[in-house]
Amino acid sequence: MLLIPCPWCGPRDDAEFAYGNQAHIARPADPGATTDAEWAEYLYFRDNPKGPFAERWMHAAGCRRWFNVVRDTNSHAILAVYKPGETRPAADRP
Amino acid sequence: MAQAGRRRGPTGKPRYSIFALARNALSYHENWQAAWRSPEPKPSYEAIVVGGGGHGLATAYYLASVHGMRKIAVLEKGWIGGGNTGRNTTIIRSNYLWDESAAIYEHALKLWEGLSQELNFNLMFSQRGVITLAHSEHELKEMRRRVEAIRLNGIDTEVLSTSDVKKLVPIINTDPGIRWPVMGGFIQRRGGTARHDAVAWGYARAADDLGVDIIQNCEVTGFLKDAAGAVEGVETTRGTIRSRRVGCVAAGHSGVLAALAGFKLPIQARPLQALVSEPIKPVIDTVVMSNAVHMYVSQSDKGELVLGAGTDSYNSYAQRGSMNIIEHQLAAACELYPIVSRLRVLRTWGGIVDTCPDASPILSRTPVEGLYFNCGWGTGGFKATPGSGHVFADLLAHGKPNAIAAPFGLERFQGGYLIDEHGAAGVAH
């Protein structure tokens, strides 16, 4: 079980949240100009680290707003929480 | 393929038989030979398989038995069969939608059918049938379409009415008033279950018999590459081991290995949970799956009800998931099988599955010459163990995929030739 601190509502059970996978994936500015390899990279290839991972969550059963979390995928420790548009905090440890 | 007859490899291991059992009974079973050796790693091998689960051990076994290689190592970071091979719900079937999937899963099922004899190891393979339920009009229609597609591939399957399901599974609740009523289903009678640990042990023993070195407690920490960028060995916690042919079969940790080798895979590691009830007398002699409520059930020979759940939505390597997934699964179990509500849960566990965007596996060459990956089996790899090993051994031996493996290459993500099996995978990703 994860206790996820929503930046607007506070700490809640992970059952209230929807997962949005890796954060900071930008859609290519001109999709028509990408190669097949670049487009495949954008569509299907995500980081999959064992350790700190910047990911998106949405508080589906609460405020329904998206935000970013840095979470250790091995220990499940939540290392940082920040709002959309903010940059990932440098420190991966709280 | 190895002879099913009086196989006796270089290690001269005696065969298991009723006579061996009687003979060993005379010495109080204290003189059984070890099923496999625990050798020190050699400096180099013809081929290295990274990952000592069912798929990896099967790969090594077929490299030795079909392709005649003798210098093979299986490197396992923990103990063999300790990952997803020992954590799944042991279901075997080949009722997939697309031709490519039918080819590989049916190849596996046909190998399962003679595997206990071939390996001289009782895998407790039981073709008790696998039923998939439909809970809505739409699901029923989609299921009929899938049944026809499966039959066109020559794989046995048939549609069941609600009363057919009730006849096969007397404990099921067919009341039309429940949240997800049973509106019918379909069955693959050749499907069933096998003893998961025995699959690892049987392949390990047979591979060891053919000279394969099974090296446990040996974690790969890096890949050695030559000047041209081709693989020439691995760094491990037990030293450097050289080989120009390395196959990675590491399930949930495939992404970690790919990162060490310097490339990315379209794979996400997710927890998949299962649980067993306390043991009870036989109440269900088949396997019943339900996609709509993400729950499947069978009964082990010990009498435990084995219940599988859906995956957790988030990435994890922790081999555990969230409680709400188990709650959801048990709520569905209690409504579909009311007798379950009086049972206690004996234990729950999780494994890390390597989910792929199209719910189909990857058996492929990689950007690193000589390095091959067999991964992406996600939530349903156990059923494919023999087929996966057989086909991957062929890829390792020849350096290019055979007709069964070809559609499962990494190139499919760039070419758009995805093999979308989310419907047949049985577990939502």
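The values are calculated or read from the model by the stated rules, or taken from the named source; none is laboratory data. The model shown is predicted, which means the values in this text are computed figures rather than measured ones. Counting neighbours? That spans all protein chains shown, and the Cβs are built from the backbone with ideal geometry, glycine included. Just so you know, the surface numbers come from the protein's heavy atoms only, side chains and all, with ligands and any DNA or RNA stripped out. Shrake-Rupley method; radii C 1.70, N 1.55, O 1.52, S 1.80 Å.
Just one of (1) more than 22 Å from B:Ala58 (Cα to Cα); (2) open to solvent by 10 Å² or more (accessible area, probe 1.4 Å); (3) not charged (D, E, K, R) fails for B:Leu305. It is (2). Taken as a whole, segment B:30-45 holds no residue that is at pLDDT 95 or above, farther than 19 Å from B:Ile404 by Cβ, open to solvent by less than 20 Å² (accessible area, probe 1.4 Å) and of a type in the set (Gly, Ala, Ser). Note on segment A:46-70: residues that are at the interface with chain B (Cβ under 8 Å from one of its Cβ atoms) and either of a type outside the set (A, V, I, L, M, F, W, C) or surrounded by fewer than 17 Cβ atoms within 10 Å (Cβ to Cβ) (or both) total 6.
In segment B:319-341, what residues are closer than 13 Å to A:Asp14 by Cα and open to solvent by less than 60 Å² (accessible area, probe 1.4 Å)? B:Gly321, B:Ser322, B:Asn324, B:Ile325, listed by residue number.
Per-residue answers, yes or no, for (1) assigned to a loop (DSSP other than H, G, I, E, B); (2) of a type in the set (A, V, I, L, M):
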{"site": "B:Ala20", "(1), (2)": "no, yes"}
{"site": "B:Arg37", "(1), (2)": "yes, no"}
{"site": "B:Gly56", "(1), (2)": "no, no"}
{"site": "B:Tyr62", "(1), (2)": "no, no"}
{"site": "B:Lys77", "(1), (2)": "yes, no"}
{"site": "B:Gly82", "(1), (2)": "yes, no"}
{"site": "B:Thr85", "(1), (2)": "no, no"}
{"site": "B:Asn88", "(1), (2)": "yes, no"}
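Examine segment B:290-310 for a residue that is part of a helix (DSSP H, G or I), in contact with a helix residue (DSSP H, G or I) (Cβ under 6 Å, 6 or more places away or on another chain) and not charged (D, E, K, R), and state whether such a residue exists. Among the residues of segment B:290-310, not one is part of a helix (DSSP H, G or I), in contact with a helix residue (DSSP H, G or I) (Cβ under 6 Å, 6 or more places away or on another chain) and not charged (D, E, K, R), which makes the answer no. Number of residues in segment A:16-45 that are open to solvent by less than 50 Å² (accessible area, probe 1.4 Å), facing chain B (nearest Cβ under 8 Å) and of a type outside the set (A, V, I, L, M) equals 3.
Segment B:106-177 holds helices (runs of 4 or more DSSP H) entirely within its bounds, and those carrying 2 or more residues that are touching a Phe, Trp or Tyr at 6+ places or on another chain (Cβ under 6 Å) map to B:137-152. Being in contact with a Ser or Thr (Cβ under 7 Å, 6 or more places away or on another chain) and more than 14 Å from chain A (Cβ to nearest Cβ): is that true of B:Asp209 here? The answer is yes for B:Asp209. Counting only helices (runs of 4 or more DSSP H) wholly contained in segment B:315-429, the ones carrying 1 or more residues that are polar (S, T, N, Q) occupy B:323-336, B:385-398, B:412-415.
Among residues of segment A:18-34 that are at positive phi, those with a beta-carbon under 7 Å from a residue that is surrounded by 10 or more Cβ atoms within 10 Å (Cβ to Cβ) and part of a strand (DSSP E or B) at least six positions away or on a different chain give the pairs A:Asn21/A:Glu55; A:Asn21/A:Arg56; A:His24/A:Ala54.
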